[in-house]
1. Name the one entry in TYR218, TYR185, TYR260 that is within 23 Å of ILE147 (Cβ to Cβ) and of a type in the set (Phe, Trp, Tyr).
2. Being crowded, with 19+ Cβ neighbours inside 10 Å, modelled with pLDDT of 95 or more and not polar (S, T, N, Q) narrows it down to one of VAL101, VAL64, VAL111, so name that one.
3. Return the total of residues in segment 218-276 being charged (D, E, K, R) and either in a helix (DSSP H, G or I) or closer than 14 Å to SER21 by Cα (or both).
4. Could you pull out the residue among VAL101, VAL4, VAL18, VAL34 that is aliphatic (A, V, I, L, M), in a strand (DSSP E or B) and touching a residue at least 60 places away in the same chain (Cβ under 8 Å)?
5. What are the residues in segment 119-139 that are assigned to a loop (DSSP other than H, G, I, E, B) and of a type outside the set (D, E, K, R), if any?
6. Can you name the residue in segment 177-220 that is of a type outside the set (Asp, Glu) and in contact with a Cys (Cβ under 8 Å, 6 or more places away or on another chain) and, of all such residues, is surrounded by the most Cβ atoms within 10 Å (Cβ to Cβ)?
7. Among the residues of segment 80-98 satisfying the criterion of being in a loop (DSSP other than H, G, I, E, B) and among the small types (Gly, Ala, Ser), which is surrounded by the fewest Cβ atoms within 10 Å (Cβ to Cβ)?
Amino acid sequence: MDVVFAFDDRYAEQIPVVVESLLRSAAGGDSISVWLVTTATAKASLQDRVRRQVADRAGLRFLVADDRFRSLPTSARPALAYISAGSNLRLLLPELLPETVRRYLYLDADVLVEGDLQPLFGLGMGGAPIAAVRDRYNATIGAQGGIPGSSPSLDAGTPYFNAGVLLVDRAEWTRRGITDRCVEYLECNREALRFGDQDSLNVACAGAWLEVPNKWNYQGWRPDPGQVEVRPEDVRITHYLGRRKPWHPDFPLEAHRRRYAEMAEAAERVRRSAGRTRSASGR
């Protein structure tokens, strides 16, 4: 199972946490290859500690991206400035990963894995380029004003997905020219972008993606005002979308903030233990 994280320096500190959650949630016997696609500076800051953390629990590869992703525009809306330019890296992954990776599961850095992901990875995709979960707050192409710059011929009722968790069929993605279509959308709408890379993917994949249950990208931790969180059964991935994240002191839900802190502590314990073992074996 190839699991890919693509991020820039702004989210590098969260990678050991989500990787730890992935490894702890894997079923016994699962073979996992973790791919970290990032900048040279993020690789330098993470490489030693993540290698010690992962050790022989999974395969681990770093890939350093060039600056093309930085030249692609991000949201033009000040309220969405928290969206990093690194989010554009997910659009370039089929060009960056080695040809041996034919199917991969992309995860955002702001998720926690809470169950085995192999059933998702092994899903039959029926010719779709991606499988994803419907976005909780923009369930259709036309929701909340619609995708800026999208074609009038695109039905406003077309389902809209969240791009934080994507199962990708690389051959089908390439055949459909998804990367080029996304880049074209971003460049043509540079001054009006909302959720730039996510909107571009929804334009490029409209009507062609496979919808999977929301347990694979649970976004409902943020209940409506006056309501209590109701989690679906068997959540496998919780996605902390939005400006406030569980590693921020102002994150509103104590249970999630505590769960995230516990996973961060677990990642650090594993890393330190591996470091002590390596030091002892070297004496």
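The values are calculated or read from the model by the stated rules, or taken from the named source; none is laboratory data. Because the structure is a prediction, the values reported are computed rather than measured. Counting neighbours? That spans all protein chains shown, and the Cβs are built from the backbone with ideal geometry, glycine included.
1. Of TYR218, TYR185, TYR260, the one residue that is within 23 Å of ILE147 (Cβ to Cβ) and of a type in the set (Phe, Trp, Tyr) is TYR185.
2. After applying the criteria, what remains is VAL111.
3. Matching residues across segment 218-276 total 12.
4. On inspection, the qualifying residue turns out to be VAL4.
5. GLY122, LEU123, GLY124, MET125, GLY126, GLY127, ALA128, PRO129, TYR137, ASN138, ALA139
6. Going through the qualifying residues, I end up with SER200.
7. ALA81
Here's the yes/no breakdown for (1) under 23 Å from ASP116 (Cβ atoms); (2) in contact (Cβ under 8 Å) with a residue 24 or more places away in the chain; (3) aromatic (Phe, Trp, Tyr):
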position: ASN214; (1), (2), (3): yes, yes, no
position: PRO225; (1), (2), (3): no, no, no
position: PRO232; (1), (2), (3): yes, no, no
position: ILE237; (1), (2), (3): yes, yes, no
position: ARG244; (1), (2), (3): no, no, no
position: ASP250; (1), (2), (3): no, no, no
